[in-house]
2 protein chains.
Amino acid sequence: MNYKGYNRETYLEGMKKTLDLRPVIESYMEDIFSQGIENIVLCGIGGTISIMLPIEKFLKKRTKMPVYVENAAELVLGNNKAVGEKSLVVLYSASGTTKETVAAVRYCNEHHIPNIGVSYKKDTPLYDELKYPILGIGEDEYSCDGDYMNLFLIASAFLKKNGDMPDYESFMQALARLPEAMADTKEEADAAMKELAYDIKDETYHMLVGAGNVWGPTYCFAMCYMEEMQWMKTKSIQSPEFFHGTLELLEEDTNIMIFNGEDETRPLTDRVIHFANKISKKVRVIDTKDYVPGKVDEKYRGDFSPAILEAVLGRLTAHLEDATGHSLDIRRYYRVMEY
Amino acid sequence: MNYKGYNRETYLEGMKKTLDLRPVIESYMEDIFSQGIENIVLCGIGGTISIMLPIEKFLKKRTKMPVYVENAAELVLGNNKAVGEKSLVVLYSASGTTKETVAAVRYCNEHHIPNIGVSYKKDTPLYDELKYPILGIGEDEYSCDGDYMNLFLIASAFLKKNGDMPDYESFMQALARLPEAMADTKEEADAAMKELAYDIKDETYHMLVGAGNVWGPTYCFAMCYMEEMQWMKTKSIQSPEFFHGTLELLEEDTNIMIFNGEDETRPLTDRVIHFANKISKKVRVIDTKDYVPGKVDEKYRGDFSPAILEAVLGRLTAHLEDATGHSLDIRRYYRVMEY
């Protein structure tokens, strides 16, 4: 099937090429660990810090090695004493040009801090500076979903090398099946996401709620898609935090979008859904559990929830553009104005 | 001087009693470290996770020991493998009854995880369960500002015991002078905060921006004060993140409140102020640097910024209540409804 912004064939081809990066990443890890590694630092800004958040959960669940998330703009200030020559910093910039991320990799190199990262373009400042560069493959909607593929490859190879992933082979088999499941998810979700886009297009304020490893995509969808690309006002909030403030704003006509995944935090989001339905008539739930039953290895459904959610949100984004008539490509300030 | 919700004398008395907790906390640390500690876990929810965030910065700047921040509702799910018998979990609940925090301390005890924490009331579930309980002293506005006093005592005693704070004595001297400076700050800020409260009272949407160790108070003021207590819509966003999405919403008439502190991240917030002033006519900056010059030890002004900011925001909160005529004590759902 083909939709605006999505073509099944090129999507799966890109994913296939991404999976082929496995031996490169594994050999990078051999080299990295031979230098002695004491912690891992996931570094990004905006969209790229949001994709690091599910990976933080993936790692922390499996390893006792310290895992840090650092904003690229703050890493260069040197205010985390644990970041140093025995750290591995993970960086990401699809364009390879994000100013703060480029500054972060330069900071790492000046301070002899090992770094690995992904850019979708060669001959870019990020790609050129990375100690262990990975060339991502991005096409159409693929680029967003592919981020998780790349990061799962990096994170699982890291865990395996550190002795924290005895199930590495079975995880890799599940990962190899994920692209099909994500493509199927898009196709299953498309009609519902079209309807949702038209339902919410005129709302003037949107609450977005998510927890655990789908918090990253929730935060990102609010800020990078709704705010940046659609100029819609949002408040994104984590499910357990919702009950300590934001809930008081909920009224019968408040548009609240709740994203649920399948990791351990699911009951925290179920609680928000239960409460929200008592108050608002505009509760919109996107639940990864509704998609591709039987097509994702049960053992890893929880880990893969952010990728499945991202696949759904890609369709919502495409339809929002049509529904609002507001192009996803217009910016008034970002990369337009000097500041 | 006296204001609604603030009395200099009782404020300083409470702070004095808080400082007297020093030997208790130091002796707790002796005991805790004798069991072997490998990491520290700052645990809270809502307002109490927000006060942990500046402490995370305070610790990370000074120690290589892993520092984690865990939401109380997630800690009990056991999804951070590094949290265990060699962790020190720090908890906080003024009332001593916050459901998620009480569940978290019980989880710690069941799993033999050392825990220390503050409640402002004895004979409460939190106080009774804590392995190392601290009785906080709360009066009027003191309670919010006092949180930082308690946490600075805990964090610095922890660092000293771990060999990471050679300047412990001079820090303690600076901390002893902080309450006067916070009281003076309130008095210096009062008139301006009254004006600000009346300026913003009718706005229907508020952007709040802050970075580094004032991000915690920024997030908290948006969610716990404006949303929960005043039912005002907010979007709180970290300064470096602002430039990766939220900026696109800024218009000439957007109310944007920017909180600046004096830690290393100050230039990141300066950049937001500079940009916002080009677009919006409603840029409201609260800068800790404007308060109590010479009354805070220069060396620690950056560390104390969240406490100084909190002192200012206490005045803003009190005046907002008058300006909107919306009592700070009304809730429609929180602790009113079952959910």
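The values are calculated or read from the model by the stated rules, or taken from the named source; none is laboratory data. Predicted model, so just to flag it, every value in this text is computed and none were measured. Heads up, the Cβs are rebuilt from the backbone with ideal geometry, glycines too, and the neighbour counts pull from every protein chain shown. Quick note on the areas: whole protein, heavy atoms, side chains included, nothing else; ligands and nucleic acids left out. Shrake-Rupley method; radii C 1.70, N 1.55, O 1.52, S 1.80 Å.
Considering only residues that are within 16 Å of A:T288 (Cα to Cα), surrounded by fewer than 23 Cβ atoms within 10 Å (Cβ to Cβ) and within 11 Å of chain B (Cβ to nearest Cβ), which ones fall in the stretch A:249-269? Scanning the stretch A:249-269 gives A:E264, A:R266, A:P267.
Are there any pairs with C-beta distances below 6 angstrom linking a residue in the stretch A:296-324 that is under 22 Å from A:I200 (Cβ atoms) to a residue that is assigned to a helix (DSSP H, G or I) and among the acidic types (D, E), with the two at least 6 apart or on different chains, and if so which? Pairs found: A:E310/A:D145; A:A311/A:D145; A:R315/A:D190. Just a yes or no: is a residue in the stretch A:290-305 closer than 30 Å to B:L250 by Cβ, over 20 Å from the mean Cα position of the chain (by Cα) and either facing chain B (nearest Cβ under 8 Å) or of a type outside the set (A, V, I, L, M, F, W, C) (or both)? Taking every residue of the stretch A:290-305 in turn, none turns out to be closer than 30 Å to B:L250 by Cβ, over 20 Å from the mean Cα position of the chain (by Cα) and either facing chain B (nearest Cβ under 8 Å) or of a type outside the set (A, V, I, L, M, F, W, C) (or both). Among residues of the stretch B:52-67 being open to solvent by 10 Å² or more (accessible area, probe 1.4 Å) and more than 9 Å from every other protein chain (Cβ to nearest Cβ), the one that is nearest to the chain's Cα centre (by Cα) is B:L53.
Kindly indicate whether A:V76 is in contact with a Phe, Trp or Tyr (Cβ under 7 Å, 6 or more places away or on another chain), surrounded by fewer than 24 Cβ atoms within 10 Å (Cβ to Cβ) and modelled with pLDDT of 95 or more. Against the criterion (in contact with a Phe, Trp or Tyr (Cβ under 7 Å, 6 or more places away or on another chain), surrounded by fewer than 24 Cβ atoms within 10 Å (Cβ to Cβ) and modelled with pLDDT of 95 or more), A:V76 qualifies.
The residues on offer are A:E13, A:E70, A:E85, and the sole one that is surrounded by fewer than 18 Cβ atoms within 10 Å (Cβ to Cβ), of a type in the set (D, E, K, R) and either within 14 Å of chain B (Cβ to nearest Cβ) or within 19 Å of the chain's Cα centre (by Cα) (or both) is A:E85. Taken together, A:M229, A:M257 contain a single residue that is hydrophobic (A, V, I, L, M, F, W, C) and at pLDDT 95 or above, which is A:M257. For the stretch B:186-205, does any single residue satisfy the condition of being surrounded by 22 or more Cβ atoms within 10 Å (Cβ to Cβ) and within 18 Å of the chain's Cα centre (by Cα)? Yes: the stretch B:186-205 contains one or more residues that are surrounded by 22 or more Cβ atoms within 10 Å (Cβ to Cβ) and within 18 Å of the chain's Cα centre (by Cα). If you go through the stretch A:208-247 and keep only what is of a type in the set (F, W, Y) and facing chain B (nearest Cβ under 8 Å), you end up with A:W231, A:F243. Scanning the stretch B:117-129 for residues that are surrounded by 19 or more Cβ atoms within 10 Å (Cβ to Cβ) and among the charged types (D, E, K, R) gives a single hit, B:E129.
The condition of being farther than 27 Å from A:I37 by Cα and surrounded by 21 or more Cβ atoms within 10 Å (Cβ to Cβ) holds for only one of A:M149, A:M182, that being A:M182. Please tell me if B:T288 is open to solvent by less than 10 Å² (accessible area, probe 1.4 Å), at negative phi, in contact (Cβ under 8 Å) with a residue 60 or more places away in the chain and not basic (K, R). Spelling it out, B:T288 is indeed open to solvent by less than 10 Å² (accessible area, probe 1.4 Å), at negative phi, in contact (Cβ under 8 Å) with a residue 60 or more places away in the chain and not basic (K, R).
Among the residues making up the stretch A:270-288, those that are part of a strand (DSSP E or B) and either within 13 Å of another protein chain (Cβ to nearest Cβ) or among the hydrophobic types (A, V, I, L, M, F, W, C) (or both) are A:V283, A:V285, A:I286.
For the stretch B:25-48, how many residues meet the condition of being within 12 Å of chain A (Cβ to nearest Cβ) and open to solvent by 20 Å² or more (accessible area, probe 1.4 Å)? Spell out how you get there, then give the answer.
Taking the stretch B:25-48 first, the residues within 12 Å of chain A (Cβ to nearest Cβ) are B:38-41, B:43-48.
With open to solvent by 20 Å² or more (accessible area, probe 1.4 Å) added as a condition, the list becomes B:38, B:47-48.
Result for the stretch B:25-48: 3.
Return yes or no: is A:F158 of a type in the set (F, W, Y) and either out of contact with any strand residue (DSSP E or B) (no Cβ under 7 Å at 6 or more places or on another chain) or open to solvent by 40 Å² or more (accessible area, probe 1.4 Å) (or both)? No; evaluated as a whole, the condition is false for this residue.
Of the residues that make up the stretch B:327-338, is at least one buried (at least 23 other Cβ atoms within 10 Å of the Cβ) and either outside any loop (DSSP other than H, G, I, E, B) or more than 10 Å from chain A (Cβ to nearest Cβ) (or both)? Looking through the stretch B:327-338, none of the residues is buried (at least 23 other Cβ atoms within 10 Å of the Cβ) and either outside any loop (DSSP other than H, G, I, E, B) or more than 10 Å from chain A (Cβ to nearest Cβ) (or both). Here A:Y142 meets each of (1) at pLDDT below 95; (2) surrounded by fewer than 17 Cβ atoms within 10 Å (Cβ to Cβ) with one exception, condition (2).
Of all positions in the stretch B:96-116, none carries a residue that is among the charged types (D, E, K, R), at pLDDT 95 or above, closer than 19 Å to B:N162 by Cβ and surrounded by fewer than 22 Cβ atoms within 10 Å (Cβ to Cβ).
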